[in-house]
1. Quick one: in region 304-347, which of the residues that are charged (D, E, K, R) and farther than 30 Å from Tyr593 by Cβ is surrounded by the most Cβ atoms within 10 Å (Cβ to Cβ)?
2. Restrict the check to region 546-559 and report whether at least one residue is open to solvent by 40 Å² or more (accessible area, probe 1.4 Å), under 19 Å from Thr400 (Cβ atoms), within 40 Å of the chain's Cα centre (by Cα) and not β-branched (Val, Ile, Thr).
3. Take the residues of region 259-293 that are in a strand (DSSP E or B), open to solvent by less than 10 Å² (accessible area, probe 1.4 Å) and at pLDDT 85 or above: which is nearest to Leu348 (Cα to Cα)?
4. Check whether at least one residue in region 380-394 is in a helix (DSSP H, G or I) and either in contact with a Ser or Thr (Cβ under 6 Å, 6 or more places away or on another chain) or closer than 30 Å to Gly320 by Cβ (or both), and report yes or no.
5. So which of Leu100, Leu80, Leu69 ends up being of a type outside the set (S, T, N, Q) and under 30 Å from Arg806 (Cα atoms)?
6. Among all residue pairs at least 6 apart or on different chains, which show Cβ distances below 9 Å where the first residue, located in region 313-326, is over 20 Å from Pro110 (Cα atoms) and the second is aromatic (Phe, Trp, Tyr) and in a strand (DSSP E or B)?
7. Looking at region 415-454, which of its residues are open to solvent by 50 Å² or more (accessible area, probe 1.4 Å), in contact with a Ser or Thr (Cβ under 8 Å, 6 or more places away or on another chain) and either among the polar types (S, T, N, Q) or not in a helix (DSSP H, G or I) (or both)?
8. Give the residues of region 10-49 that are surrounded by fewer than 16 Cβ atoms within 10 Å (Cβ to Cβ) and more than 18 Å from the chain's Cα centre (by Cα), sorted by residue number.
Amino acid sequence: MIRRAIPFSLAPLAILATGLSSSMWLRAFPAATLAIPLYGAAVLSVGFTYLLVSLTRRPMWLTVPAGTLAFLLYSLVVVLRSPVGFADLVHGFVDGPSQLLSFALPLVSPRSLMVWPVALAWLAGLLAGESLARSRLSLLPYGTWLAVFATGYAGGSRAMGPDPGMARRVDLAVGAALLVVLVLLRVAQGWLAQDERSEAAGRVVSSEDAASLNLLPLQRIAAGLLTAAVVAGLAVWAAGSSTFAGAPTVVKRVPSVINADPTTPMAYVAALRPADRKDPGTPLFDVTVTGSAPGYFALASVDYYDGDSWTFTRSFRPSGGVVPADTDPELASSAVPVDQRIQLRSDLISRTPWLPAIYRPQKVSGVAISVDPGSGMIVPTHGLSADSAYTVRSVPPAQTLTELPATWLPATSAAPVDSQLPGTVRTTLASVVAGFATETGKASVESGSFLQAVTQDLRTNYLLTDPAAAASAAASASASAARASGTSAAPRKPTGKGATAARSSTAGRSSTGARKARPSASPTVTASAGAIGGTSFSAVLAAILGPQRSGTPEQYATLVALLARDLGIPARIVSGFRVTEPGGGHQLSAGSYTLTTKDAYSWVEIPVRGAGWVVLDPSPTRYADSNVQPSVGVSKTPTPSRTPSQAALVTQSDGGHAVAPKSVVQAAATHRGGWALVLVIPALVLAALALVLLALLARRRVRLYRRRHESDARRRVITAWQETLDVLTESGLGDLRALTGSEVRQATGERFGNVPAEQVKLVAAAADQAAFSLQSVVLDRDAEQAWQAHTVLRRAVRRELPWRDRLLATLRYTSGRAPTRPPGPRLRRTGRPGRSRKH
């Protein structure tokens with residue numbers, strides 16, 4: 001039984017060796033992302049090459065290019081999931097190795113980074129299939145398996161996880177399993193090569209030969225295992241020796257870092273909102289969420305305030321899609337993860353330097369990103385198109401700050417910039433805090449509950465500024481300033497102490513006083529955008545605490561963030577989009593939503609122990625001139641005179657990926673679906689043909705298995721003869737069932753030579769004795785000898801056939817009648833006469 005199983009074990013052992021040697025890459029990629037492409041390549045590379053060589057018998061200079069072409073198709077369809085993604089394929093080959101060394105592990109995206117691991121697995125399987133199909137005892141596939149294992153180990157060693165000891169034990173187990181598989185495969189190949197040499201010499205397999213060939217080569221197995229143990233021991237000793245200790249002499253590779261200049265997304269978000277509050281806005285993106293969460297989609301957060309505007313300075317590092325967790329253990333949350341599938345719908349959002357997502361993402365797939373580990377902000381590494389889509393997984397807090405109990409405690413390990421206040425602002429804030437303490441009746445010494453009370457007071461007793469009125473006032477102020485300076489009314493960057501309100505119209509400003517002045521590359525935005533997003537301290541106090549008691553979301557967020565910092569609570573402002581339900585709530589539930597320019601919004605985030613950065617939304621729901629609440633819709637907003645994206649700073653790069661490059665959407669991208677359909681349909685047809693071919697091959701295997709595993713020895717001898725007749729018929733000799741054994745032998749000798757003819761003679765003689773000499777004893781040994789002769793005959797016939805006839809013989813199927821059970825005594829499996837055995 002072991003001997004019969006060896007030919008069938010070669011391909012599974014080769015597939016297993018390919019999978020084990022490539023499995024080290026699963027440390028660099030999550031299993032859900034890489035497992036199917038990687039192990040699919042391990043199976044298909046061996047199977048495809050083995051079938052191709054076995055059926056065609058073409059030289060390697062033809063079969064290897066065919067296997068390479070199959071790999072390219074597999075990479076486009078399975079790995080990249082884009083049948084026309086040739087640019088991504090080239091990117092994976094050219095830039096993949098350097099990015100694998102630079103990006104933070106584990107990787108989720110882009111999928112082009114998986115091209116190299118899959119290519120190495122395919123190469124190992126290709127060489128293994130060639131070696132097995134051509135019966136060559138080459139060491140090349142074994143060396144390739146070991147090299148692939150070493151490459152995967154080196155590429156994923158930076159992602160051993162929190163328990164390096166367990167990771168090393170897993171590496172040892174996988175390496176040991178690979179060595180054992182390689183030893184078994186080598187022994188099996190050597191055993192079969194000995195048999196094939198005997199067959200090629202024309203030897204007739206006798207009963208004594210069959211008995212000797214059934215012996216396991218224990219000496220070879222023991223020698224192989226001993227060699228593998230010695231090699232493994234030497235490798236472990238060498239890796240742990242002092243030779244490899246000490247500091248490296250080569251400078252370590254430093255990943256490219258994107259240094260973002262001070263900028264603020266607040267003016268950009270404010271400029272997105274339509275001037276008419278009844279306008280439902282332009283759809284920006286669709287999102288499908290898998291669970292409940294506060295309905296706030298962040299674009300970016302800002303933390304530095306100079307009394308005039310909010311800015312941030314961050315460094316974004318390349319990432320494979322995984323965002324590192326916050327380093328503060330107090331911010332760890334036990335909330336349920338929420339997945340978001342985001343489909344962009346407008347250039348107003350696709351051409352920004354930021355990506356909307358709920359809270360601090362854990363991982364992002366579908367688009368290449370860079371990450372600021374401190375804030376958790378994500379930015380695309382290249383320009384997106386209006387039809388781009390990606391998936392985000394986040395663990396957002398389940399409640400907003402006003403929903404938490406009054407006993408909540410702020411985290412104390414936030415960055416110093418989250419608690420910074422300019423000196424002049426701090427002096428004025430003392431009186432503001434006192435006024436709110438009187439208005440709310442809450443003492444400010446209880447900072448947490450006082451902040452909640454102030455937020456509730458603002459929501460209830462204050463109003464939102466009407467966007468149209470604010471835009472008109474801002475335009476008038478801009479025109480007056482222009483006339484006074486003797487210039488045109490075109491928006492420009494204001495200067496001087498008296499231009500505080502106008503200065504708030506800039507998208508980003510360098511700080512003064514607390515920091516050295518830094519130049520800003522940001523263009524000024526329109527007056528309306530500046531008025532809506534104006535966050536200078538004097539403008540905020542004049543708007544919210546003035547006679548109208550109204551302000552914009554950006555102004556309310558500025559006031560509350562400064563109040564929180566004055567109370568000793570870290571705070572930052574987040575700009576993005578807020579989902580508003582028909583009832584006025586802002587809580588998401590599982591389902592799909594469409595966010596528009598009407599939803600552009602800014603709010604505050606506070607670090608809370610055991611929850612993370614929690615949303616604090618202080619903006620009212622009523623406008624200054626009416627009780628109409630803001631609505632959410634999907635109608636189109638008028639196009640502003642200058643696009644809102646001009647409010648965002650185009651950040652500069654030091655050679656890495658630009659955070660906010662101005663991308664050009666290619667017109668051909670909209671027709672990609674047609675080309676994909678043209679290529680997918682032939683791929684589906686080829687897949688169907690492959691399934692049909694596998695079915696044709698499988699039914700012959702089933703027939704052979706059924707006949708060879710008859711329980712009675714006499715029947716196994718007869719089925720060996722029937723299988724011999726069917727194989728000869730399928731090989732082109734026609735229907736042989738009406739001929740005698742001598743006639744079949746003569747026809748076989750004339751067509752295929754003496755070796756197959758001699759094997760026909762052996763099988764025919766055994767079958768005649770089993771079928772017509774009913775009193776004879778048929779032993780298991782006799783049945784095995786008949787099947788051994790049939791095996792030799794089948795291989796010899798196959799070698800004599802040209803490749804076209806060999807292919808036809810493989811596809812033909814002869815369904816002979818089931819043999820009639822011969823009359824006579826039932827014999828035991830040992831073949832000894834005695835009591836009959838019931839079956």
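The values are calculated or read from the model by the stated rules, or taken from the named source; none is laboratory data. Everything quoted here is computed from the prediction, not taken from an experiment. Positions of Cβ are backbone-derived with ideal geometry, glycine not excepted, and every protein chain shown enters the neighbour counts. Calculation scope for accessible area: heavy atoms of the full protein, side chains included, ligands and nucleic acids excluded. Shrake-Rupley method; radii C 1.70, N 1.55, O 1.52, S 1.80 Å.
1. Going through the qualifying residues, I end up with Asp308.
2. no
3. That would be Leu284.
4. no
5. Going through Leu100, Leu80, Leu69 in turn, the sole match is Leu69.
6. Within 9 Å, the pairs are Thr313/Tyr304; Asp326/Trp613.
7. Lys442
8. Pro12, the sole residue that qualifies.
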